[in-house]
Amino acid sequence: MSLELKNRELLREQAYINGQWIMAKSGKTFAVTNPANGDQLATVPDMDDTDTRVAIEAAEAAWPAWRSTPAKERANILRKWFNLLMANQEDLARLMTAEQGKPLAESRGEVGYGASFIEWFAEEAKRAYGDVIPGHGKDKRIVVIKQPVGVVAAITPWNFPIAMITRKVAPALAAGCPVVVKPAEDTPLSALAITALAEEAGVPAGLINIITCSKPNAVSVGSELTGNPIVRKVSFTGSTPVGKLLMRQASDTVKKVSLELGGNAPFIVFDDADLDAAVAGLMASKYRNTGQTCVCANRVYVQAGVYNAFTEKLKTAVSKMVVGPGLEGETQQGPLINDAALTKVKRHIEDAKSKGAKVVMGGQAHALGGTFFEPTILTDATQEMLIAREETFGPVAPLFRFGTDDEAISMANDSEFGLSAYFYSRDIHRVWRMAEELESGMIGVNEGIISTEVAPFGGVKESGLGREGSHYGLDEYMELKYLCLGGM
Ligand code: ADP
């Protein structure tokens, strides 16, 4: 199916710096393709550090006027941007599915989710309250104010091509900061489309800059974004190794850093769980976006007493999944993003099989070819398998067996990651204990879908630093300034 858009203005093949749609200084471009069929959708500029420097300087120049714009005016512009995203939801969803592969229904959902951050932070912009603290001396008065941190660099992944950008750009703009964004090389078209709408909403030139670049140029663009002293904040969502590299690079100029990195979510089903609810939660958490979200369940721990019953119910649910191109019909699972993703999924399954796991459903590349993969269930998984250690990022549910609550806790926490965790139980004591003991930033209790703009999203351990969304999300783009008034 070809890509039909009502609003052709949304398909942009130029990057956006200082309010101008432009090509790379080098003149180079790279192709954006559809993972469902390999078709070329567009070409976009392949920018490097030289272009990035121009964008950073434009952002710096735009900063003073924006930070002194009353919060209510900033909020009004953001609100217009939100409205435009929602008015163009269908086109944005089609564009996203074309370049990313997820089913159209999920893309529509992501446009709504991505837009919700703009709506939320438009509201929060007006609430960057400070504080008055009782003075430490008779003649002293203490006031704390919040101020925008300055030029922000945002580097984002392909799995949520809009939401991962708005979750950073909306709070930055709300706080009074300009942003330079480097979207993922697989999905720059969604980034450019929402930027065209930001322009239409009246976001002034220089406040949102989009640097598109290929994978090889990500290194020079990333070095400039993390090394340039003008940039005061780096916000990254992506893999843990790249996050560590960017944090190291940002340390030379001591930038504020937010990182949302890999996860390896445990999903625990206790004997007393509502098994149907647990299966529904796992289906949503595991197979959404073909298993390519950082909060996807990666390790499914099932208590011995319900192991077989749960496996059967899960098999029934998974057998009904419709795999196909995201733009077509009733598709529930699209292709994986690229060949590297396919290779990793296969490697995890082969490794698990070699260590004793059984494939009870799927396990193979899908008959559709390309990067399509069968929804898969493995039983008899153990902690020694790669699938227990690394994030699979694919449609594979490995089922581990456990006996006691303590065993579940130690297996679940046996990971350097700590982004999200899920468990199903109807025992209030167990619920509270698990919620406290699990080492992760977010916990779904009898719930498989936890992302919302109103709650703080983020991880502990090597899953990251900082929180996005919620009222906490604005603070990531602000500095506290303490004023001590003496001689009062
Ligand atoms: P994934 O495995 O999800 O592609 P990555 O961490 O490689 O995760 O990618 C997330 C984002 O980080 C993408 O925008 C990618 O281009 C960017 N990226 C990858 N390597 C670097 C780097 N060395 N410097 C800056 N950005 C990078």
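Of the strands (runs of 3 or more DSSP E) entirely within segment 88-178, those holding at least 1 residues that are open to solvent by 30 Å² or more (accessible area, probe 1.4 Å) occupy 131-133, 141-148. Inside segment 410-432, residues that are farther than 22 Å from ALA284 by Cβ and surrounded by fewer than 15 Cβ atoms within 10 Å (Cβ to Cβ) make up a count of 7. Taking segment 328-344 as the range and being over 22 Å from the mean Cα position of the chain (by Cα) and touching a residue at least 40 places away in the same chain (Cβ under 8 Å) as the test, the residues that pass are GLU328, THR331. Is one or more of the residues making up segment 361-368 closer than 22 Å to ALA304 by Cβ and either touching a Lys or Arg at 6+ places or on another chain (Cβ under 9 Å) or open to solvent by 50 Å² or more (accessible area, probe 1.4 Å) (or both)? Yes, there is a match, as at least one residue in segment 361-368 is closer than 22 Å to ALA304 by Cβ and either touching a Lys or Arg at 6+ places or on another chain (Cβ under 9 Å) or open to solvent by 50 Å² or more (accessible area, probe 1.4 Å) (or both).
For segment 321-337, indicate whether the set of residues that are open to solvent by less than 10 Å² (accessible area, probe 1.4 Å) and within 13 Å of the ligand (Cβ to nearest atom) is non-empty. The answer is yes, given that some residue of segment 321-337 is open to solvent by less than 10 Å² (accessible area, probe 1.4 Å) and within 13 Å of the ligand (Cβ to nearest atom). Only residues that are within 26 Å of the chain's Cα centre (by Cα) and part of a strand (DSSP E or B) were counted in segment 366-387, giving 3.
Could you list, in sequence order, the residues of segment 447-469 that are without any contact (Cβ under 8 Å) to a residue 24 or more places away in the chain and of a type in the set (Gly, Ala, Ser)? I'd like the intermediate steps shown before the answer.
So the first thing to find is which residues in segment 447-469 are without any contact (Cβ under 8 Å) to a residue 24 or more places away in the chain, and the list is 455-456.
Matches in segment 447-469: ALA455 only.
Of all residue pairs spaced 6 or more apart or on separate chains, those with beta-carbon atoms under 7 Å, a first member in segment 80-101 that is farther than 20 Å from THR371 by Cβ and a second member that is polar (S, T, N, Q) and open to solvent by less than 10 Å² (accessible area, probe 1.4 Å) are LEU92/SER190; ALA93/SER107.
Being surrounded by 21 or more Cβ atoms within 10 Å (Cβ to Cβ) and either without any contact (Cβ under 8 Å) to a residue 24 or more places away in the chain or charged (D, E, K, R) (or both) is a description that does not apply to ARG347. Scan segment 59-75 and report the pairs whose first residue is over 20 Å from ARG232 (Cβ atoms) and whose second residue is assigned to a helix (DSSP H, G or I) and open to solvent by 80 Å² or more (accessible area, probe 1.4 Å), with Cβ atoms within less than 7 Å and a gap of 6+ or a chain change. Within 7 Å, the pairs are LYS72/LYS126; ALA75/LYS126. Taking the criterion of being aliphatic (A, V, I, L, M) and within 14 Å of the chain's Cα centre (by Cα), the only residue of segment 456-468 that qualifies is LEU465.
Look at (1) more than 15 Å from the ligand (Cβ to nearest atom); (2) under 26 Å from ILE450 (Cβ atoms); (3) among the hydrophobic types (A, V, I, L, M, F, W, C) and you find that LEU261 fails only one, number (1).
Give the residues of segment 34-52 that are open to solvent by less than 60 Å² (accessible area, probe 1.4 Å) and farther than 19 Å from ALA340 by Cβ, sorted by residue number.
Of all residues in segment 34-52, those open to solvent by less than 60 Å² (accessible area, probe 1.4 Å) come to 34-36, 38, 41-52.
Result: LEU41, ALA42, THR43, VAL44, PRO45, ASP46, MET47, ASP48, ASP49, THR50, ASP51, THR52.
Name the residues in segment 1-33 that are surrounded by 17 or more Cβ atoms within 10 Å (Cβ to Cβ) and more than 27 Å from TRP81 (Cα to Cα), would you? Within segment 1-33, THR29, PHE30 qualify.
Residue-wise test of (1) touching a residue at least 24 places away in the same chain (Cβ under 8 Å); (2) closer than 28 Å to VAL460 by Cα.
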site: ALA352; (1), (2): yes, yes
site: LYS358; (1), (2): no, no
site: GLY370; (1), (2): yes, no
site: THR379; (1), (2): yes, no
site: LEU386; (1), (2): yes, yes
site: GLY394; (1), (2): yes, yes
site: ARG401; (1), (2): yes, yes
site: ARG426; (1), (2): yes, yes
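Out of all the residues in segment 10-21, is one or more farther than 24 Å from GLY227 by Cβ and part of a helix (DSSP H, G or I)? Yes - at least one qualifying residue is present in segment 10-21.
The values are calculated or read from the model by the stated rules, or taken from the named source; none is laboratory data. Owing to the predicted nature of the structure, the values given are computational and were not obtained by experimental measurement. Note that we place each Cβ from the backbone using ideal geometry, even for glycine, and neighbour counts take in every protein chain shown. We work out accessible area using only protein heavy atoms, side chains counted, and drop any ligands, DNA or RNA first. Shrake-Rupley method; radii C 1.70, N 1.55, O 1.52, S 1.80 Å.
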